[in-house]
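The structure appears right after this line, and notes come after that.
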């Protein structure tokens, strides 16, 4: 099977009479890499992600290879796409392991042995460093732990498209880096499409291979980090004075000096 591609053509999304995104088209997003959606508040990042997840009514076309996602049922859509929202449900009467196992089993059409299912669920927890929380109830966890558990549930489903909305917002710096490293590894290992909303421009520049910068529901920049994230673009879109530099080991660094 070849590398999957996600294409968006003439997409419009709104709430009532208010248009959040109008006539947005995006060249194909390829699997095997991380694409970051960045932009100021109310730019349309989460709305676009929810449209890709099939959670809000949208006009236009969203193609996953030859499949038109907007024509699928909720269940049909979920077989291809997994979405992790920023706001997680607060009351879930399951342990971390049970929730991860349930996510795995609900995503599979083929038979899998109980032993293999348990092994895969525990492996997902271990990769995120939370295997020790397996028997804890989800409603007993801190916000950061809940975020890690939710990411484990998303990854274990092995989707073709993984959509993540601010998956590091409740995490300390160690776990932020661990999550971003894992997301990049999963994209490469499985060849899947990963689209992630981030407010941290420096994280986006470091871990994403493609940046889509949104401004008021439109694309302000699209390309590799060193092309999409420039001082001039940051000044225009974010109203900040910033420097974009490449350090000695090749990582792109964004240093924001002040608001303007």
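Throughout, read-outs are computed from the coordinates displayed, never taken from laboratory work. These figures come from a predicted structure and were not determined experimentally. Glycine also receives a Cβ, built like all others from the backbone with ideal geometry; neighbour counts cover every protein chain displayed.
Separation between the residue 111 and residue 247 pseudo-spin-labels, each 7 Å from Cα along Cα→Cβ, expressed in nm?
5.2
Per the helix-only calculation at 222 nm, which mean residue ellipticity applies to the chain, given -39500 (n - 2.57) for every DSSP H run of n ≥ 4 and division by its residues, nearest 500 deg cm²/dmol?
Numbers: 9 runs with 89 residues, N = 260.
One gets -10000 deg cm²/dmol as the mean residue ellipticity at 222 nm.
Provide the gained length on full extension for the span residue 230 to residue 66, in nm with one decimal, where the gain is 0.36 nm per separating residue minus the Cα-Cα distance.
55.6 nm
Run the numbers for residue 256 and residue 209: contour at 0.36 nm per residue of separation, minus the present Cα-Cα distance, in nm.
Contour length minus Cα-Cα distance gives 14.8 nm.
Set the Förster radius R0 to 25 Å, insert the Cβ-Cβ distance between residue 139 and residue 86 as r into 1/(1 + (r/R0)^6), and round the FRET efficiency to 0.05.
0.85
Nearest 0.05, what FRET efficiency do residue 22 and residue 199 give at R0 = 25 Å with Cβ-Cβ as r?
E between residue 22 and residue 199, to the nearest 0.05, is 0.60.
Output the 0 to 90 degree angle, nearest 10, between the alpha-carbon long axis of helix 143-156 and the longest principal axis computed from the alpha carbons of the chain.
80
Could you work out the relative contact order of the chain? I mean the mean sequence separation of Cα pairs under 8 Å and 6+ apart, divided by the number of residues, in percent.
This gives 25 percent for the chain.
Have a look at 141, 125, 214 and tell me which one the Gaussian network model of the chain (Cα, springs below 10 Å) gives the largest fluctuation.
Top of the fluctuation ranking is 141.
Can you work out the FRET efficiency for the pair residue 239 and residue 177, with r the C-beta to C-beta distance and R0 = 25 Å, to the nearest 0.05? Numbers along the way, then the final one.
Numbers: r = 28 Å, r/R0 = 1.12.
Step by step, r from the Cβ atoms, then E = 0.35.
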